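*Asks:* I'd like to ask some things about the structure below.
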Amino acid sequence: MRLTCSMCAAMLIATAGCSSSLTAPPNGLPVTLSSVTTQGVQVPSISSGDDSVTAVVMEPNSAACDGPATPAAGVRGEALIVTLTQHVRTGVCPPIGVTAVALLPIQVVVHDVPSGTSSAQVVLRRVSGDNATFTVLASGAITVP
């Protein structure tokens, strides 16, 4: 019985180590985040060129209350995962005034993407205490030579 319990614990630890879940955002690649002020930009979109990948997504609706998201990017397998982490505000949101905040598209540029990366995904990660929820904002195939 002890051997079975030990094997179960070892399998659980091994499975957790190999998990492809997005609970912790992959990181390690340089990433920049900026607002898009030009009109006519396709949202959402993902494109690649040389060793960089550019994604344009709508700013999350929660940005007005929870503040801006922090970007991180990394590769998991052959997929580039860009995570925008936003900490959920506890309590009442600050008043927005008479004019509503206009949510603009945001551009995420990831540099030094390894060759062979074949897909990309932009994920909003909203963290509240020890819990996180994930929403895919954009995904698509890319080619990094």
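Only the coordinates and a few stated rules stand behind these numbers; no lab work does. Because the structure is predicted, anything quoted here is derived from the model rather than measured. Positions of Cβ are generated from backbone atoms using ideal geometry, with glycine treated the same way; all protein chains shown enter the neighbour counts.
*Asks:* Report, by chain and number, residues whose modeled amide H sits under 5 Å from the one on L137, excluding near sequence neighbours (fewer than 5 apart, same chain).
*Replies:* V122, V123, L124
*Asks:* Residue separation times 0.36 nm, minus the C-alpha to C-alpha distance between T38 and V136: what's the value?
*Replies:* 32.9 nm
*Asks:* On to the next question. Check which residues have an amide H placed less than 5 Å from M58's amide H, if you skip close sequence neighbours.
*Replies:* Residues meeting the criterion, in which the H sits 1.01 Å from N, are I106.
*Asks:* Which value, in debye to the nearest 20, describes the size of the charge dipole of the stretch 40-145 about its Cα centre when Lys and Arg Cβ atoms bear +1, Asp and Glu Cβ atoms bear -1, and nothing else is charged?
*Replies:* 300
*Asks:* Could you pull out every residue, at least 5 positions away or on a different chain, whose amide H is within less than 5 Å of the one on H87? Hs are placed 1.01 Å off N in the peptide plane, and Pro or chain starts have none.
*Replies:* V127
*Asks:* Farthest toward the dipole's positive end in the stretch 24-141, which of Q42, G67, L29, given Cβ charges of +1 (Lys, Arg) and -1 (Asp, Glu) about the Cα centre?
*Replies:* G67
*Asks:* Just to check I understand the Karplus step: with θ = phi - 60° and J = 6.51 cos²θ - 1.76 cosθ + 1.60, what whole-Hz values come out for the stretch 132-145, glycine and proline as x?
*Replies:* Here the 3J(HN,Hα) series is 9, 10, 10, 10, 7, 8, 6, 7, x, 7, 9, 10, 10, x Hz.
*Asks:* Report ³J(HN,Hα) in whole Hz for each residue of the stretch 40-56, in order, from the Karplus equation J = 6.51 cos²θ - 1.76 cosθ + 1.60 where θ = phi - 60°; Gly and Pro get x.
*Replies:* x, 7, 6, 10, x, 8, 9, 9, 10, x, 6, 10, 10, 10, 10, 10, 10
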